[in-house]
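Reviewing the structure listed below.
The values are calculated or read from the model by the stated rules, or taken from the named source; none is laboratory data. Quick caveat, the model's predicted, so the values are computed rather than measured. In this analysis, Cβ positions are derived from the backbone assuming ideal geometry, glycine residues included, and neighbour counts consider all displayed protein chains.
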Amino acid sequence: MTKRAVIQGLLAMALVFAFSGCSTVKGWWSKPKPDLPPEVLAEKGIKNLQKKKYDDAIDSFEMVRDRYPYSEQALLAQLKVADAYFFKKKYEEAYQAYREFEKLHPTNKAVPYCIYREGQSFYRQRSTIDRDQTYTQKAIEEFKRLKQKYPDSEYVTKADFYLARCRQDLAEHEFYVAEFYYRTKRYQAAIDRYQALTQDYPDFPKNAEAKARIQECQELLATKDKPKGVLSKVTSIFDAKW
């Protein structure tokens, strides 16, 4: 038999073998990997979280949550998914995940932590004092809710710190808007803002300046509305004749 014939024979056998549906080889090649147990997946997720591999951590925790919903690790996984989003700075997703945990497990001891993180999720999205303060307001609402529902929680002291900073931001925003009205000579609007500032934030360091502005605006409004004097009236008549 020639060399060429041998090669052709081998090729033919290989083709037959490939398409023969050999169950042994095919089964070995396509056999799926066995699912990792929940404790292994959870440990893997925590390690990824510590290494700041947040996407990998989310994948591991979601596998635990979805594949083993009744396992001991499922509860931890739900909470850690929220943490991974938070540390990844995906604050909207983090807020939703913490909120979901709170709704599903209202009596769990981790609920105060969730509320604290919900407040922080809003706090981290707040803008500068010259912009809309919606996120600052929402953060205040969450931190206050934590204090009202769990006054003895270890997170209350931290919440107080962020509450003070949020109130400072709101006061600065109010002063900024009042100053804008003052500069644009909308004195009554400025007075309203300055007065709201001094009433709502009595400890604000710029309140003395705000009170001085109130007096100044009132004087400017009084001068603006003051009737013209006799001399000005005479001058106007004289000018009209000519």
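Odds and ends about this structure:
- Residue match in the range 208-215 (condition: under 27 Å from residue 110 (Cβ atoms) and among the aliphatic types (A, V, I, L, M)): no
- Residue in the range 148-170 that is more than 18 Å from the chain's Cα centre (by Cα), at pLDDT 95 or above, farther than 28 Å from residue 102 by Cα and not small (Gly, Ala, Ser) present: yes
To keep it simple, each residue is scored yes or no on (1) polar (S, T, N, Q); (2) at pLDDT below 95; (3) assigned to a helix (DSSP H, G or I).
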{"position": "189", "(1), (2), (3)": "no, no, yes"}
{"position": "194", "(1), (2), (3)": "no, no, yes"}
{"position": "199", "(1), (2), (3)": "yes, no, yes"}
{"position": "205", "(1), (2), (3)": "no, no, no"}
{"position": "208", "(1), (2), (3)": "no, no, yes"}
{"position": "213", "(1), (2), (3)": "no, no, yes"}
{"position": "228", "(1), (2), (3)": "no, yes, no"}
{"position": "233", "(1), (2), (3)": "no, yes, yes"}
{"position": "237", "(1), (2), (3)": "no, yes, yes"}
